[in-house]
Amino acid sequence: MLYYLNGIFVGLLILSNVLAVKLFSIGDWVVLPAAVIIYVFTYPILDVITETYGKEAAHRTVITGFITQIFAVFFIWIAIQLPSAAFYEHQQSFELIFTAGFRVTIASLVAYVVSQNLDVIIFDKLKQRHGEKKLWIRNNLSTMASQLVDTAIFITIAFLGTMPLGALIAMIFSQYIFKFLVAILDTPVVYALVAICRRAERKEKTDPAAVRA
């Protein structure tokens with residue numbers, strides 16, 4: 001199951017970067033990047049990995065995600081630099097969609113590394129205190145704390161100096177509220193995935209051949 005979780009984690013991570021250019025609104029006052037509806041689900045997956053396979057496995061997942069993002073940025077840059085076919089008329093649109101500013105890219109990578117590792121650390125500390133009990137507490141506390149850090153770091157690095165401070169704070173607040181609500185709602189999913197992973201682990205210990213098959 002760890003391989004599947006790692007694959008889903010990295011896939012969601014890259015997809016969120018691709019969709020970051022799309023903005024949507026909730027009512028008249030909340031504007032969010034489409035990436036947020038995908039990126040928020042990387043945290044519960046990381047919590048499941050930490051809960052089931054341990055802190056070191058979760059840290060390796062974070063490192064894998066970081067390396068994959070670097071490769072994605074590199075290969076997207078190569079794709080943009082490739083000469084367009086004579087009949088291809090969408091080069092400017094392609095560049096507009098897939099080119100993020102350098103500052104935004106740096107903000108995304110820094111926020112990712114800091115917040116995801118923080119999520120693992122907080123979750124692991126709480127697990128050491130509670131054992132396998134109170135999963136809902138460590139899932140919610142670790143995700144809510146790390147999501148706040150992620151949002152604050154990203155928006156500050158990406159937009160500080162480009163808009164009034166009040167607008168910057170409002171953007172952090174509105175994005176965090178959305179992430180906060182998702183963190184509460186994803187708790188049943190975390191419980192279900194942890195149960196599936198533990199069942200798979202028990203099956204592997206009793207019948208390794210059946211799991212490999």
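The values are calculated or read from the model by the stated rules, or taken from the named source; none is laboratory data. Remember, it's a predicted structure, so these values are computed and weren't measured experimentally. Cβ atoms come from the backbone with ideal geometry, glycine included; neighbour counts cover every protein chain shown.
Determine which single condition Tyr88 fails, assuming it passes every other condition in (1) closer than 22 Å to Tyr39 by Cβ; (2) out of contact with any Asp or Glu (no Cβ under 8 Å at 6 or more places or on another chain).
(1)
Do you know which residues across region 4-37 are farther than 16 Å from Tyr112 by Cβ, of a type outside the set (Gly, Ala, Ser) and modelled with pLDDT under 90?
Listed by number, the residues that qualify are Val21, Lys22, Leu23, Phe24, Ile26, Asp28, Trp29, Val30, Val31, Leu32, Ile37.
Of the conditions (1) out of contact with any helix residue (DSSP H, G or I) (no Cβ under 8 Å at 6 or more places or on another chain); (2) under 20 Å from Tyr43 (Cβ atoms); (3) without any contact (Cβ under 8 Å) to a residue 24 or more places away in the chain, Ile169 satisfies every one except a single condition; which number is it?
Ile169 satisfies all of (1) out of contact with any helix residue (DSSP H, G or I) (no Cβ under 8 Å at 6 or more places or on another chain); (2) under 20 Å from Tyr43 (Cβ atoms); (3) without any contact (Cβ under 8 Å) to a residue 24 or more places away in the chain except (2).
Go through (1) touching a Lys or Arg at 6+ places or on another chain (Cβ under 6 Å); (2) more than 17 Å from Val48 (Cβ to Cβ) and name the single condition Phe178 misses.
Against the list (1) touching a Lys or Arg at 6+ places or on another chain (Cβ under 6 Å); (2) more than 17 Å from Val48 (Cβ to Cβ), Phe178 comes up short only on (1).
Where in region 1-83 are there helices (runs of 4 or more DSSP H), lying fully within it, with 1 or more residues that are surrounded by fewer than 14 Cβ atoms within 10 Å (Cβ to Cβ)?
Here the list reads 2-18, 55-81.
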